[in-house]
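**Q** Got a structure for you, written out below as structure tokens; questions coming shortly.
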């Protein structure tokens, strides 16, 4: 069993653990005079910040953080809500926690995020801690921001959407519908979340790598793609690193290290297979002028004129697979849950579908006319962001306008999951699923600049003061999905799926689903929602079980 404690431990680890304990004891003695200050070792008291109750001397909020690591988003929301209940509205007195390893300062205002991600981007980075935590999966960034943008722009063009991408999306959407028809005829409950993750993996792999791994037919048979299974597992393991001091030691003691190694073997093998299959095809694709994303990477060179190495191509492939699979599938699963809880919202999707000749073949040029369905997608992305929590590291001292003072080495964190539910940002109905917030008075879809779910949209126009440096890809979503092009692809694929699904089927929760599925309830939300898995992204902890019935007149 993965969760069983590994009893066989190399002897030197005992000595390492003993040394750590002795060091902590020595530190306790040295800091005896500061026991009245409940902050962690290596941190100083910051009365200008709001620190939640529960901190203890020397460890600060470490134990509290560990106890809540599997419900981090709720924990952060509770801290922000407590700050408001204590009458602290000053944006400069931000929520702060001290842990073994540094201070976390939680931002909760969109303008503060815009400042660190655009205005003074040069002062903030994904530092050593993020590399240590996630580098095993995502590797080192291989492109400067400008190079990544150029390659992405060449692949994600309007013509690409109209032709290559639309063809893949249409083909796999129809396969998804046929799969659901077969499952519906059986009359049994369907794990819709598994089918959605398989659909998006096949679609993005086809678009980016000219390869269809066949995940959707496998999911219909109850099988799981080996890459998807390994990635789901490693997401949880690596997320645990972010709340575990000395995780490198703990992982060796409890067997997690071995699981990470085994998962990465599967993930690397999957990425390498894609690369090796494409090596012989690059020249032909180049002559035809139809390079997909991987083909463009393989044809690209670094700034020094050298071609990218296999390891660099692997890093790029893994990042793309992660972004293409999780961003759309996760948002769709949460969105469909909300739609089934309020079926009246589905009628707007069917009205959009009625405007099309074939709702399973959404033309890219018609996406802008799908106002209600677009609003539904963006509301799902707002309330259930693919990356619920994130953090960067401050290079030096800074003062965020109308916000907290930052010291070099501080970890600047934010929770898009929490911000989405914050009435101070989104109004009294922040916690409600309401697509109408994305429509103007004429019923036309419009974006809201407060949305931060695609994490870094402000960086579409990098600050002219930011130095040219390598972009370290050590957190989700990848650069492809921090770009306008990637967001557009997620929007297009999700809307196409919703139109096809609800024009063809009546869906309802499987009997007993709501009663048996553990839910999350917070004070800023009128309704609860299914428990999420404590991972790097935001998948549901338990399958979204539905019953599908083919609609009368659905073809």
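All of the numbers you see were taken from the coordinates with simple rules; none came from a lab. Since we're looking at a predicted model, the values are computed, not measured. All Cβ positions, glycine included, derive from the backbone under ideal geometry; neighbour counts span all protein chains shown.
**Q** May I ask you to compute the full-extension gain from residue 542 to residue 22, defined as 0.36 nm times their residue separation minus their alpha-carbon distance, rounded to one decimal in nm?
**A** Full-extension gain reported as 183.0 nm.
**Q** For segment 329-416, compute Rh as the Kirkwood radius over C-alpha pairs and then the Stokes-Einstein diffusion coefficient at 4 °C and 1.567 mPa s; write the answer in µm²/s, rounded to an integer.
**A** Roughly 80 µm²/s, to the nearest whole number.
**Q** Note down the nm distance, to one decimal, between modelled labels 7 Å out along Cα→Cβ at residue 254 and at residue 53.
**A** Using points 7 Å along Cα→Cβ, the separation is 2.8 nm.
**Q** Okay, moving on. Checking the a/c ratio against 1.5 first, then a/b against b/c, what shape does the Cα gyration tensor give for segment 183-282?
**A** Because a/c hits 1.5 or more and a/b fails to exceed b/c, segment 183-282 counts as oblate.
**Q** Using a simple spin-label model with points 7 Å from Cα along the Cα→Cβ vector, what separation in nm is obtained for residue 552 and residue 122?
**A** Distance between the two pseudo-spin positions: 6.7 nm.
**Q** Report the calculated FRET efficiency for residue 84 and residue 528 (r = Cβ-Cβ distance, R0 = 30 Å), to the nearest 0.05.
**A** Values: r = 21 Å, r/R0 = 0.69.
Given R0 = 30 Å and the Cβ-Cβ separation, E is 0.90.
**Q** Would you mind ranking 177, 419, 349 by Cβ crowding within 10 Å, fewest neighbours first?
**A** Values: 177 21, 419 27, 349 24.
Ranked by crowding around the Cβ, least crowded first: 177, 349, 419.
**Q** Next question, about the same structure. Run the simple label-point estimate for residue 521 and residue 402 please: 7 Å along Cα→C-beta, distance reported in nm.
**A** In this crude label model, residue 521 to residue 402 measures out at 3.5 nm.
**Q** Moving to a separate point now. Got a sec? How would 137, 21 order by Cβ neighbour count within 10 Å, fewest to most?
**A** Arranged by neighbour count, lowest to highest, 137, 21 become 21, 137.
**Q** Fully extended, how many nm does the chain gain between residue 351 and residue 45 (0.36 nm per residue separation, minus their Cα-Cα distance)?
**A** Length gained between residue 351 and residue 45: 104.4 nm.
**Q** So for 121, 509, 502, fewest C-beta neighbours within 10 Å to most, what's the order? Don't jump to the answer; show the numbers that get you there.
**A** Values: 121 20, 509 17, 502 26.
In increasing order of surrounding Cβ atoms, one gets 509, 121, 502.
**Q** Direction-averaged shadow area of the convex hull around the Cα atoms of segment 85-127, nm²?
**A** Directional mean of the projected Cα hull area for segment 85-127 stands at 4.0 nm².
**Q** What FRET efficiency, computed as 1/(1 + (r/R0)^6) with R0 = 41 Å and r the Cβ-Cβ distance, is obtained for residue 441 and residue 63, rounded to the nearest 0.05?
**A** Here the calculated transfer efficiency is 0.20.
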